[in-house]
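Take a look at the structure below.
The values are calculated or read from the model by the stated rules, or taken from the named source; none is laboratory data. Just so we're clear, the structure is a prediction, and the values are computed from it rather than from any experiment. A quick note on method: Cβ atoms are made from the backbone with ideal geometry, for glycine too, and the neighbour counts reach across all protein chains shown. Note: accessible area is taken over every heavy atom of the protein model, side chains too, but ligands, DNA and RNA are not part of it. Shrake-Rupley method; radii C 1.70, N 1.55, O 1.52, S 1.80 Å.
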2 protein chains.
Amino acid sequence: MEGELKPMDAEQLRECAHKMVDFIADYYKNIENFPVLSQVQPGYLRELLPDSAPSRPEPLQDVLDDVQEKIFPGVTHWQSPEYFAYFPSNSSVAGFLGEMLSAGINMVGFSWITSPAATELEMIVLDWLAKALKLPDEFLSTGQGGGVIQGTASEAVLVVLLAARDKVLRRVGRDAIGKLVVYSSDQTHSALQKACKIGGIHPENCRVLKTDSSTEYALSPELLSEAISQDVASGSIPFFLCATVGTTSSTAVDPLPALGKIANSNGLWFHVDAAYAGSACICLEFRHYIDGVEEADSFNMNAHKWFLTNFDCSALWVKERSALIQSLSTNPEFLKNKASQDNMVVDYKDWQIPLGRRFRSLKLWMVLRLYGLENLRAYIRNHIELARKFEELIKLDQRFEVVAPRNFSLVCFRLLPTQNDVECANRLNRKLLDAVNSTGELFISHTVLSDKYVLRFAVGAPLTEERHVVAAWKMIQEKASALLMNS
Amino acid sequence: MEGELKPMDAEQLRECAHKMVDFIADYYKNIENFPVLSQVQPGYLRELLPDSAPSRPEPLQDVLDDVQEKIFPGVTHWQSPEYFAYFPSNSSVAGFLGEMLSAGINMVGFSWITSPAATELEMIVLDWLAKALKLPDEFLSTGQGGGVIQGTASEAVLVVLLAARDKVLRRVGRDAIGKLVVYSSDQTHSALQKACKIGGIHPENCRVLKTDSSTEYALSPELLSEAISQDVASGSIPFFLCATVGTTSSTAVDPLPALGKIANSNGLWFHVDAAYAGSACICLEFRHYIDGVEEADSFNMNAHKWFLTNFDCSALWVKERSALIQSLSTNPEFLKNKASQDNMVVDYKDWQIPLGRRFRSLKLWMVLRLYGLENLRAYIRNHIELARKFEELIKLDQRFEVVAPRNFSLVCFRLLPTQNDVECANRLNRKLLDAVNSTGELFISHTVLSDKYVLRFAVGAPLTEERHVVAAWKMIQEKASALLMNS
């Protein structure tokens, strides 16, 4: 490249970005050569980089070399086919292209006027996705509701909690905030607890209802009813229920129809968190998992998990967008414009925490168009089938047990203890996790269910094939054998 | 391309992404041919797109054609050299490359372990930037404080407000939340008001202190002192002060040293919002604008505004990271890991609202390295010089006045009324704004200062050159002449 890099120049951008494309394509070509879970020690990078920013420009090649030599060793490779931890966070060709385009246009779509296409494409694409999920019409943007892309499921549950909080406080008076009660199961994502802290809901008013294997870790409608009755009797004000379809620990499915009825008859805002499992519900045979969503006030699924849309893209639908807007709108003079003042448009700034927002609908639109719903269904089915095979392999080895039902593409399992000692079993499985992950050859994570330390194997990376699942199982078996021999 | 697009395939990614690079480079090559402000009508896009997602994949070329024909007309081109509205939102070659790489790696860096490099590079690069801004050492990650990348300044002020709220409530008891008082000027960004709503601070406890031209729209320390004294006398609890360096309406600069002393002697959390103007403070001659930042508890500047880092990248520094963590941490079993449990690492999930986070430090690192601080300073100085020239042009035309001092690269001006009638003048300037923006040849925005409707001309797009500023002024003059002739 001739001369120094300009702040922006079409031809310099072309030249450098082509170089970056090859760098990233090569990354994917070689991704199996990296340890999946980074094996660096805390503080490793500070020793490798200078103390302050350079005064003079450095060549792109130097930066790319540093990425290769200094950054990549510190990356945990979520896109590796051997990544089975937490939940997946899909990158795809289409999702990546959408991110590129969004970064290229680089507009800030807080109000309709700041790029009408960004707002309108988001409305349209979330309608598309709502239809693919067969969500009730009230969630479509053509009525009183609509969809919006949040950054994460945490932000999704926060904004609806705030909408619900303010709705009830308008009725009972804001000094009653200390009486507001939130309901969920002990399997609900910690994002709810965080949202409550942020919104000033008192921690002891968060009813974390106990689950166990008798309901397959799903929230019991009877427990919920009882809790609400007790709270009402004691003068508290129940106002929010969060149900989960596909809990983080074990993909448990809360019974939406029964829970929804209770929520509605008690005037609770009913939020359904299907952050991970929502993607599967585009397949007819899995759609029943969200039966009952008709009763919900809001529904959330993360396209950035298992739907080939690069992070971040969390799709939230509400039936009553005015509740969100009443809680979250601001209208400073410097943002006023005719379209907004005349109420002719949606201004997504009033549906979210931040003001600014990226053009995230582009990537979801490109995923839906470049793959098409049929291929997306096949993609999901393939992962579920791979998880089923992994589960079968476990069942063939009597040293192991499957701890919770496999509903989607997550398998919860553990190595059985030699004696019937919970603590001993937990230690054993913790050691097994460490042994497996420290090889760098695969990455799995853990949880605790009914005091049992459990290993989680989540299939869902776009590059994962049957051979990776089989090899992973073989490695887990080997490490288990070694551990049992030495214990 | 042979066959259908796979979810992820290195060679398909290479081929498609090269195509996308050329598409985006061509966009920048032709960016002056688009109307800067989109001229579409509300609802335009729904008529152009199908009602539902396709079942079968569509070719990339079809999508690119649709972007060109259907999306671009609805885009307001923030990267156009004729964009002078709001504040800039810089895209750059380096920032774009960083976004590409981040989307390519597509990891979710909530905890250190999920990609140590993401956390560590963020700590290092924010230390670099803190040093370039000559922030006090307490803001460096090597002590009790540190920097973190938030999505926006709204999230930055929210997280520190929550930290400050919870800190004082731990002392006075949470039932005193109705007594907590927040201070700012009437020029403070609406993000503070929104943060207060979210955090449950009562709206009537938000002291919005009046400013006027006598202080050049800066917050008066005397007014602040009086307000605090009154509140203390009436039993309220002052706890948070937000000062601004470079307000949104007119880039007013609140006097940090005096305000900081008052905040500290009264035990208030002192937040400094330099979202826009912070970038200028890497230049020695502008650094004095943040003199007094030593008194602040937190400091925020948006690298995504005027620092060549693609949206989003809002840099927040705090002196006491434990306050953030106490408010925002969660520790569910499924995220536990040795490095976190042993307190050996930073887990940025506990410094922000969402759980998941992108690898945003890559783009800031690339901006700092590929341009270097000297060129970044020259970049800022050039925009300030262009704004100064625009201001001079205004002063040569007696039909106009400059309404507020130009501190950085924003010029606030208006067409003077023919009679001394405020309403008439406001109508005239509103018409001038519409006339100018509806040409599509440039985009400026407005505000209101002391009841005067004021036009804002913010220089800061990476492609803006002197010729664009001169042409913009000529166009504004022409539209003014036409308006005056017809009025």
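Points to keep in mind about this one:
- A 1.4 Å probe, protein heavy atoms only, puts the accessible area of B:F110 near 10 Å².
- Label-reachable residues, the range B:356-376, where backbone N falls under 17 Å from a point 7 Å from A:E58's Cα toward its Cβ: B:361-376
- Accessible area per residue was computed with a 1.4 Å probe on protein heavy atoms; B:K479 scores about 70 Å².
- Equivalent-ellipsoid semi-axes of chain B, from the Cα gyration tensor, Å, largest first: 36, 35, 21
- Remark on A:S445: its backbone amide H falls under 5 Å from those of A:Y86, A:R456, A:A458, a criterion applied only to residues 5 or more positions apart or on other chains, H modelled at 1.01 Å from N.
- Inter-centroid distance (Cα atoms) of the range A:303-333 relative to the range A:89-129, Å: 13
- Interface size, chains B and A: roughly 13500 Å² of accessible area buried, both sides included, 1.4 Å probe, rounded to the nearest 100.
- Drop in accessible area of at least 50 Å² in the complex versus isolated chain, residues of the range A:52-67, 1.4 Å probe: A:A53, A:P54, A:S55, A:E58, A:V63
- Distant alpha-carbon pairs in the range A:32-103 (separation over 13 angstrom), percent: 75
- Amide N of the range B:76-95 lying under 17 Å from the label point, which is placed 7 angstrom from the Cα of A:K19 along Cα→Cβ: B:92-95
- Residue (of B:I124, B:M344, B:V182) at the positive-pole extreme of the range B:108-358, dipole from beta-carbon charges: B:M344
- Note on the protein assembly as shown: Rg/Rh from C-alpha atoms, Kirkwood Rh, equals 0.96.
- Coupling constants for the range A:300-305 follow from the phi torsions by the Karplus curve (6.51 cos²θ - 1.76 cosθ + 1.60, θ = phi - 60°), and in residue order they are 10, 9, 8, 5, 7, 8 Hz; glycine and proline get x.
- Ordered from highest to lowest accessible area with the whole protein assembly present and a 1.4 Å probe, B:H202, B:H383 read as B:H202, B:H383.
- Of the GluC sites (Glu not before Pro) in the range B:110-177, those whose Cβ has at most 14 other Cβ within 10 Å and which sit in DSSP loop: none
- Computed on chain B, with alpha-carbon pairs under 8 angstrom and 6+ residues apart, the relative contact order is 22 percent.
- Computed from the C-beta positions of A:R399 and A:E465, the FRET efficiency with R₀ = 22 Å rounds to 0.25.
- Over 26 Å [Cα-Cα, the range B:108-358], rounded percent: 37
- 1.4 Å probe accessible area per residue over the range B:108-358, in Å²: 29
- Taking all protein chains together and a 1.4 Å probe, the residues B:T215, A:T248, A:T142 rank A:T142, B:T215, A:T248 from largest to smallest accessible area.
- Accessible-area rank, largest first, for B:D434, A:D26, B:D273, B:D451: B:D451, B:D434, A:D26, B:D273, with all protein chains present and a 1.4 angstrom probe.
- Of B:K395/B:K479; A:K452/B:K336; A:K6/B:K305; B:K70/B:K197; A:K19/B:K6, pairs whose Cα-Cα distance is over 26 Å: B:K70/B:K197
- The range B:108-358: relative contact order in percent, alpha carbon pairs under 8 Å with at least 6 residues between: 26
- Whole-Hz ³J(HN,Hα) from phi, Karplus 6.51 cos²θ - 1.76 cosθ + 1.60, for the range B:329-345, glycine and proline x: 7, 9, 9, x, 3, 5, 10, 5, 7, 4, 4, 5, 4, 7, 6, 8, 9
- Rounded if a/c under 1.5, otherwise prolate or oblate - the range A:332-391, Cα gyration tensor axes: prolate
- Dipole in debye (nearest 20) - chain B, about Cα centre, beta carbon charges: Lys, Arg +1; Asp, Glu -1: 780
- Positive end of the dipole of chain A (Cβ unit charges, origin at the Cα centre): among A:A387, A:P221, A:T464, the Cα lying farthest that way belongs to A:P221.
- Stretched out straight at 0.36 nm per residue, the stretch from B:E374 to B:E11 would grow longer than its current Cα-Cα span by 126.8 nm.
- Shielding value for A:87-94 is 6, the average number of Cβ atoms from other chains within 10 Å of each residue's Cβ.
- The stretch between A:L484 and A:Q144 holds 116.4 nm of extra length on full extension. This uses 0.36 nm per residue minus the Cα-Cα distance.
- R0 of 51 Å, Cβ-Cβ distance B:D26-A:R381: FRET efficiency to nearest 0.05: 0.85
- Of the solvent-accessible surface of the protein assembly as shown, computed with a 1.4 Å probe and all protein chains present, 49% belongs to carbon and sulfur.
- In Å², nearest 10: area of A:S234 left accessible to a 1.4 Å probe: 80
- Distance between the 7 Å Cα→Cβ label points at A:R170 and A:R388: 4.8 nm.
- Peptide A:304-317 - average C-beta neighbours from other chains (10 Å radius): 2
- Applied to the range A:402-414, the Karplus parametrisation 6.51 cos²θ - 1.76 cosθ + 1.60 on θ = phi - 60° returns per-residue 3J(HN,Hα) values of 8, 8, 9, x, 8, 8, 10, 10, 10, 10, 9, 8, 7 Hz, with x for Gly and Pro.
- Nearest beta-carbon to the B/A symmetry axis - residue in chain B, distance in Å: B:G200, 2
- R0 of 56 Å, Cβ-Cβ distance A:E423-B:H202: FRET efficiency to nearest 0.05: 0.70
- For the range B:201-273, the set of trypsin sites (Lys or Arg not before Pro) satisfying both a DSSP loop assignment and a count of at most 15 other C-beta atoms within 10 Å is given as B:K210.
- Only helices enter the 222 nm calculation for the protein assembly as shown: every DSSP H run of n ≥ 4 contributes -39,500 (n - 2.57), and dividing by all residues gives -13000 deg cm²/dmol, rounded to 500.
- Label 7 Å beyond Cα on the Cβ vector: B:D421 copy-to-copy distances, nm: 9.3
- With an a/c value of 1.5 or above and a/b not larger than b/c for the gyration tensor axes a ≥ b ≥ c computed over the alpha-carbon atoms, the range A:194-260 is described as oblate.
- Other-copy label distances relative to A:Y44, 7 angstrom Cα-Cβ extension, nm: 5.0
- Note on B:121-128: average number of Cβ atoms from other chains within 10 Å of each residue's Cβ is 4.
- Summary for A:E69: label point 7 Å along Cα→Cβ; distances to the equivalent points in the other copies, ascending, 5.0 nm.
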